[in-house]
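All remarks here apply to the structure that follows.
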Amino acid sequence: MSPDRVEQTAQDWFLRLTAGDMSAVELRRFREWREANPAHDAAFREVRALWNDLDPLEPAFAPAADQVMPHRIRPGISRTRAVAAIAALAACLLLVLASLPDLLIMIQADYRTARGEQATITLPDGSLAYLNTGSALDIRYTQTRREVAILGGEVWFDVIRDRGRPFSVLALGGSSTAVGTAYAVRDQDGIATVTVTEGTVRVAPDATDNTASTDHLVTAGQRIAYREDGSIGPMENVDATAAIAWRQGLLLLRERPFTEALEEIGRYYPGRILLLGDQTKLGTVTARLSLGQLDNGIDALAATHGLSVTRLAGYLVILH
Amino acid sequence: MTDSGLLQAYRDHEWELLRFLARRLGSPATAADIAHDLYVKLLGEPEPPQIRDSKAYLFGMAANLATDYLRVERRRGEILAEIDGLVWRRRDEMTPERHALARAELGFLATAIAGLPPRCREIFRLHRYEGLTQPQIADQMGLGITTVYKDLKLALETMLRARRQFRATPQEEGHRK
């Protein structure tokens, strides 16, 4: 090997060692490479020495204040009404929209996920948005405010604190503004559900109403739902771990009616699931399913409820 | 539906099985995972013939899965410990002459680092200073694992080259040890 080649290989090995997922076999191959030639050992030691000397250089890696991550900003057609600016701190929230928006809107969105797909997006200010299955998100950042709009599905936000620029999530004409750090929003059947996992979020079901009389403050471990007509449901306490389990690739079901459990699974399953026969005697489901292995989950669920599974064309799943 | 004897045994003794596993593994959560694996295994595999005592056989399978799990965990721990020793310098290796880089050399390196793309700097920062693994960084930043790797390599190579260049150039200020 040429000296340059040896150096390259030493760097590659070093980054494999630090990667965090090296296997025993790889580790043995590294030892063999290192012992094969003193030049290999020397090159490795050079990388290692640099790595260990880097402590004082941490400030050099910090992002400059005026630098933001590259991203796309589209002015976009504002489908949602304007939001009253509310000074905000950071928060994490989950917003879920129950209705499926039309396909065109989904396709035009800045970011979207297909069914069974999930994505993590770094927003222009460094806040994070985790898109669950079948979701669409528009980014509408300006100099004075950070706004994102959920066009469908479920998104969990981890919001970076910035007093000068409030962070709001728009959905169905309402807004959820971070006052305190994590929240998620979900849109289903014309209902937007806001779940707060950290901090405090101000939910305004009608973003045009400046009087703030209908605003609700939702804190960590709470959930509230509102409709497009501005009506807002009661505050509920929730198990925040279960609500955002999908971020860990899990689907948690607790005492859910069988048909409801199937619907929930159907949100992630790329195929169609059909249930035949009498559905009234099936009882409830409590399960912990891995989103990566939903077929196993469906089998287990069927087995525990005395159902047989038939799969057709790799797409249609029939329970009977 | 006709169920195998083992599946039936699982259903009849699930609670006992979970407690059995939790005692062995010292964690109810891990026990639930292993029990789930066992259940999936039972669903997927044909029943071996000639099982006289389904319950004993089932608990034997569970015990084997628990042992395998602990073995993998222990092996994983050994690998991580060895890697730790390979990557990081031990305290007693800190001889005075290579204790720290000279100030002039640090400045030279800092300039080289400033020339790196922001994403590359951020990835290296998360890896070296925040201790995130490469898959964690990929996950957190929504990037592919190869992108993370290439950025780390770029940072490492840039610094190695800068340091070599610095050491090859005579310093006016004189060498600070």
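Values quoted throughout were computed directly from the atomic coordinates according to the rules given, and no laboratory measurement underlies them. These numbers were taken from a predicted model, which means no experiment stands behind them. Neighbour counts are summed over all protein chains in view; Cβ atoms, including those assigned to glycine, are modelled from backbone coordinates with ideal geometry.
Structure above, values below:
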item: Under the Debye formula (equal points on every Cα, no solvent term), log10 I(q)/I(0) of the stretch A:1-62 at q = 0.13, 0.30 Å⁻¹; result: -0.39, -1.27
item: Relative contact order (%) - criterion: Cα under 8 Å, at least six apart; region: the stretch B:96-168; result: 41
item: For the stretch A:28-63 and the stretch A:108-186, distance of Cα centres in Å; result: 40
item: Compactness relative to 2.2 N^0.38 Å, alpha carbon Rg of the stretch A:249-320; result: 1.00
item: Residue with peak Gaussian network fluctuation, chain B [Cα springs, cutoff 10 Å], from B:Arg128, B:Arg163, B:Arg74; result: B:Arg128
item: Sequence-separation-based contact order of chain B, relative, with Cα cut under 8 Å and 6+ spacing, percent; result: 18
item: Qualifying aspartates and glutamates (Cα of each under 16 Å from Cα of B:Lys153; at least 8 residues distant if same chain); result: A:Asp4, A:Glu7, A:Asp12, A:Glu46, B:Glu122
item: Per-residue mean of C-beta atoms belonging to partner chains within 10 Å, peptide A:13-19; result: 6
item: Using a Förster distance of 45 Å, the FRET efficiency for A:Thr286-A:Arg161 (Cβ separation, nearest 0.05); result: 0.75
item: Residue-wise HN-Hα coupling along the stretch B:135-142, computed from phi with Karplus coefficients 6.51, -1.76, 1.60 (Hz; x: Gly, Pro); result: x, 5, 5, 4, 5, 5, 9, x
